[in-house]
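Student: After the structure tokens below, expect a handful of questions from me.
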């Protein structure tokens with residue numbers, strides 16, 4: 001009887017290709033160059049992150065009331081932020097009225113929350129979204145500005161802090177997107193006059209820095225208006241920021257429009273749809289979906305650009321922090337102030353970019369290979 | 001016959017004719033634009049008249065009466081506003097040009113690091129990119145200016161590096177090169193070396209085309225470019241000296257002084273733009289599919305030739321347009337100088353000059369025209385380049 005061949009069991013893989021060691025070997029120590037890079041990276045980490053951690057966390061003063069409580073600590077003085085926190089959030093909005101800002105934010109979060117629930121059908125979401133777009137700004141404006149229904153009036157000069165930043169960014173975003181879509185459609189239009197107007201508009205705003213636009217809106221707009229009529233400083237900034245970002249938005253949307261095959265337009269026209277129906281029902285839904293990353297990038301740019309209103313003397317988050325660092329009672333804490341402001345801006349911009357990435361994945365319907 | 005014509009649908013009314021409609025819409029749009037423009041013009045005329053402001057560019061020749069902390073061309077308080085414009089424009093161009101060079105260098109390094117096989121390096125690059133591109137540029141400028149450079153020590157306690165570089169609250173002091181008379185010879189030799197290398201490259205290519213024999217152009221070129229000027233430098237007796245900054249009295253004298261406004265603006269612009277450039281470089285390199293490298297290797301090209309002839313030309317086609325866009329952004333962003341008082345176009349011309357003369361429209365118009373010209377020039381160049389390198393398909 002022939003002995004049946006029993007194969008020797010497979011040897012386990014060598015210890016340096018699997019598990020933690022395998023990972024370390026592959027990613028950090030695979031060649032002399034790689035080892036040198038790892039050492040360099042560790043060195044960079046040790047000279048940046050460690051002192052930063054020490055300064056911001058371990059040696060920092062976390063609790064206390066006055067700047068005297070910070071003297072004992074060699075690190076950051078977060079008491080400075082605590083003492084000014086309300087100011088950083090609301091600016092010079094009267095303390096007794098701050099509940100109005102809170103209410104408006106809460107209202108927005110509650111009413112917009114269903115938009116992010118996937119179980120709710122899209123048809124309802126569209127209706128809710130459009131309704132919010134029309135009604136919410138009116139409610140929010142009445143809450144912020146006051147002067148009606150027994151609410152005391154609060155002048156826009158007293159608006160400030162993160163609240164003002166969000167107002168400018170929010171208005172800018174909601175106004176710049178539709179304006180940008182219209183401009184993009186105009187730029188792709190068959191009518192030479194409309195096309196020329198739109199191209200001129202877009203190229204003008206894209207060619208100049210935002211800061212000159214804000215300068216213009218603060219020194220030239222009063223000259224453009226008839227005698228006796230004047231715009232609020234905030235409104236002027238809003239107009240400048242919106243027109244500026246609408247031009248950028250138009251270019252983003254144009255990219256999406258150009259990516260839609262001509263057959264889509266022709267098929268829709270063959271079905272007997274008119275121009276606006278072709279655009280609203282066939283072309284734009286596809287085009288906008290393609291350029292979501294670009295749209296969100298424009299939003300992020302707009303959010304960062306709101307900090308420029310400091311130039312014309314509005315007290316947004318950036319300016320109110322800068323203002324607090326020049327407070328004679330709290331001199332010498334500008335690093336803490338700017339780091340705090342940077343963290344807030346970073347949080348908003350980073351979450352927007354992450355959200356756009358997840359949206360892109362979810363809406364990915366096979367245009368890309 | 002009559003029955004047949006009667007069954008035809010009636011001719012649509014003229015307002016449903018697409019051509020006529022287009023004409024009407026365009027006419028309406030034009031009328032609206034002109035009316036809008038006219039209203040603004042009329043209001044402006046009224047307002048200027050009421051405020052007693054004379055319009056026109058006559059103010060450009062009157063003396064300015066203020067000093068500027070950094071001037072590249074001769075300027076004093078008695079110079080004209082026209083001179084202010086040139087000083088300010090040069091300051092803008094200086095900080096933009098330096099920013100473009102530095103941001104490109106840093107951006108390419110970080111973009112390549114982002115694709116490194118080393119996990120730590122790749123993550124460090126990612127953290128850098130995600131941190132700095134999500135913080136407003138103005139905040140970064142303020143941080144470097146108010147929190148770092150304005151908090152630097154007084155001149156007597158300057159931070160120094162090898163007794164050559166000094167940092168204090170007045171700015172950054174670097175050694176300045178002093179060119180002696182013979183240095184012109186070195187430059188002349190360098191120029192002729194460049195010409196020689198170009199001729200050599202042309203000859204080598206023709207010879208390779210004709211005979212198939214390659215010539216080590218790169219090595220020869222490097223030897224020529226380095227060797228000849230160095231020899232000239234030595235022969236003319238080292239005509240280059242460095243002037244070190246020295247503490248005399250209350251501040252440093254000599255050397256090259258960089259004002260803190262310029263230093264912080266440049267630092268912030270570089271760090272911010274480099275984050276965007278790094279992402280562009282990464283995307284460009286990733287856009288060249290791996291199959292290209294494999295195909296090139298299987299054709300027998302070396303890894304050096306693969307990089308030069310296959311990967312770089314394709315990656316650059318993806319990288320260059322957004323890169324130019326970033327250069328343009330950097331130039332426009334340099335206008336944030338106004339916030340910290342670096343005398344650029346917006347600060348010195350659209351700011352100080354405007355405030356002193358009250359010529360709002362003229363100052364803003366000139367400033368915007370300059371930025372528009374720069375933008376249009378760059379986008380013209382970009383379009384030319386795009387046509388030059390665009391993929392030619394069937």
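The values are calculated or read from the model by the stated rules, or taken from the named source; none is laboratory data. As the structure is a prediction and not an experimental result, all values here were calculated from the model. Cβ: placed from backbone, ideal geometry, glycine included. Neighbour counts: every protein chain shown.
Student: Read through the list (1) away from chain A (no Cβ under 14 Å); (2) surrounded by fewer than 16 Cβ atoms within 10 Å (Cβ to Cβ), then give the number of the only condition that residue B:319 fails.
Tutor: Failing condition for residue B:319: (2).
Student: If you go through segment A:322-333 one residue at a time, do you hit one that is in a helix (DSSP H, G or I) and within 8 Å of another protein chain (Cβ to nearest Cβ)?
Tutor: Looking for residues that are in a helix (DSSP H, G or I) and within 8 Å of another protein chain (Cβ to nearest Cβ), one finds at least one in segment A:322-333, hence yes.
Student: Before we move on, is residue A:64 within 17 Å of residue A:334 (Cβ to Cβ), in a loop (DSSP other than H, G, I, E, B) and either modelled with pLDDT of 80 or more or away from chain B (no Cβ under 14 Å) (or both)?
Tutor: No, not satisfied.
Student: If I go through segment B:96-113 residue by residue, how many of them are within 14 Å of chain A (Cβ to nearest Cβ), over 17 Å from residue A:33 (Cβ atoms) and over 15 Å from the mean Cα position of the chain (by Cα)?
Tutor: Total meeting the criteria: 1.
Student: For the list (1) within 14 Å of chain B (Cβ to nearest Cβ); (2) part of a helix (DSSP H, G or I); (3) surrounded by fewer than 21 Cβ atoms within 10 Å (Cβ to Cβ), I need the number of the one condition that residue A:267 fails.
Tutor: (1)
Student: If you don't mind, there's one more thing I want to ask. Which one of the conditions (1) surrounded by fewer than 21 Cβ atoms within 10 Å (Cβ to Cβ); (2) closer than 30 Å to residue B:284 by Cα does residue B:141 fail to meet, given that it meets all the rest?
Tutor: Checking residue B:141 against (1) surrounded by fewer than 21 Cβ atoms within 10 Å (Cβ to Cβ); (2) closer than 30 Å to residue B:284 by Cα, the one that fails is (1).
Student: Of the residues B:40, B:20, which single one is under 22 Å from residue B:371 (Cβ atoms), within 14 Å of chain A (Cβ to nearest Cβ), part of a helix (DSSP H, G or I) and at pLDDT 80 or above?
Tutor: Answer to the check: B:40.
Student: Would you be able to say whether some residue in segment A:205-224 is facing chain B (nearest Cβ under 8 Å), closer than 30 Å to residue A:283 by Cα and at pLDDT below 90?
Tutor: yes
Student: Quick one: count up the residues across segment B:333-345 that are part of a helix (DSSP H, G or I) and touching a residue at least 40 places away in the same chain (Cβ under 8 Å).
Tutor: Total meeting the criteria: 7.
Student: If you don't mind, there's one more thing I want to ask. Going by the structure shown, is residue B:170 within 30 Å of residue A:311 (Cα to Cα), more than 14 Å from every other protein chain (Cβ to nearest Cβ) and surrounded by 12 or more Cβ atoms within 10 Å (Cβ to Cβ)?
Tutor: In short, yes.
Student: Output the residues belonging to segment B:228-285 that are surrounded by 17 or more Cβ atoms within 10 Å (Cβ to Cβ), within 30 Å of residue B:308 (Cβ to Cβ) and not assigned by TED's automatic domain parsing to the domain that holds residue B:319.
Tutor: Of everything in segment B:228-285, those that are surrounded by 17 or more Cβ atoms within 10 Å (Cβ to Cβ), within 30 Å of residue B:308 (Cβ to Cβ) and not assigned by TED's automatic domain parsing to the domain that holds residue B:319 turn out to be B:228, B:229.
Student: Still on this structure, I have one more. Go through (1) in a helix (DSSP H, G or I); (2) away from chain B (no Cβ under 12 Å) one by one and return the number of the condition residue A:272 breaks.
Tutor: If we test residue A:272 against (1) in a helix (DSSP H, G or I); (2) away from chain B (no Cβ under 12 Å), just (1) comes out false.
Student: Could you please let me know if residue A:24 is over 32 Å from the mean Cα position of the chain (by Cα), at pLDDT below 85, within 11 Å of chain B (Cβ to nearest Cβ) and surrounded by 15 or more Cβ atoms within 10 Å (Cβ to Cβ)?
Tutor: Judged against the criteria, residue A:24 is not a match.
Student: Among B:150, B:156, which is closer than 25 Å to residue A:336 by Cα, in contact (Cβ under 8 Å) with a residue 60 or more places away in the chain and not assigned by TED's automatic domain parsing to the domain that holds residue B:342?
Tutor: Answer to the check: B:150.
Conditions tested, residue by residue: (1) part of a helix (DSSP H, G or I); (2) in contact with a strand residue (DSSP E or B) (Cβ under 6 Å, 6 or more places away or on another chain); (3) within 12 Å of another protein chain (Cβ to nearest Cβ); (4) closer than 26 Å to residue A:216 by Cβ.
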{"residue": "A:287", "(1), (2), (3), (4)": "yes, no, no, no"}
{"residue": "A:301", "(1), (2), (3), (4)": "yes, no, yes, yes"}
{"residue": "A:309", "(1), (2), (3), (4)": "yes, yes, yes, yes"}
{"residue": "A:319", "(1), (2), (3), (4)": "yes, no, yes, yes"}
{"residue": "A:342", "(1), (2), (3), (4)": "yes, no, yes, no"}
{"residue": "A:345", "(1), (2), (3), (4)": "yes, no, yes, yes"}
{"residue": "A:352", "(1), (2), (3), (4)": "yes, no, yes, no"}
{"residue": "A:356", "(1), (2), (3), (4)": "yes, no, no, no"}
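Student: Sort out which residues of segment B:51-61 are free of Cβ contacts under 8 Å to residues at least 60 places away in the same chain, surrounded by 10 or more Cβ atoms within 10 Å (Cβ to Cβ) and outside any helix (DSSP H, G or I), and write them in order of number.
Tutor: Within segment B:51-61, just B:54 meets the criteria.
Student: Those residues that are over 20 Å from the mean Cα position of the chain (by Cα) and under 29 Å from residue A:128 (Cα atoms), I need them from segment A:89-100; list them, please.
Tutor: Result: A:97, A:98, A:99, A:100.
Student: Output the helices (runs of 4 or more DSSP H) that fall wholly within segment B:67-160 and possess 2 or more residues being within 30 Å of residue B:312 (Cα to Cα) and modelled with pLDDT of 85 or more, or say none.
Tutor: Counting at least 2 such residues, we get B:81-114, B:119-132.
Student: Can I ask one more? Condition test on residue B:143, is it more than 11 Å from chain A (Cβ to nearest Cβ) and over 30 Å from residue B:366 (Cα atoms)?
Tutor: no
Student: A further question on this structure: Considering every residue within segment A:186-199, establish whether at least one is buried (at least 19 other Cβ atoms within 10 Å of the Cβ), within 13 Å of chain B (Cβ to nearest Cβ) and closer than 22 Å to residue A:300 by Cα.
Tutor: No, segment A:186-199 contains no residue that is buried (at least 19 other Cβ atoms within 10 Å of the Cβ), within 13 Å of chain B (Cβ to nearest Cβ) and closer than 22 Å to residue A:300 by Cα.
Student: Another one. So residue B:11 clears everything in (1) outside any helix (DSSP H, G or I); (2) in contact with a helix residue (DSSP H, G or I) (Cβ under 9 Å, 6 or more places away or on another chain); (3) surrounded by fewer than 10 Cβ atoms within 10 Å (Cβ to Cβ) except one condition, right? Which one?
Tutor: For residue B:11, the failing item is (2).
Student: Next question. Residues in segment A:91-133 that are assigned to a helix (DSSP H, G or I) and either surrounded by 11 or more Cβ atoms within 10 Å (Cβ to Cβ) or at pLDDT below 80 (or both): how many?
Tutor: 30
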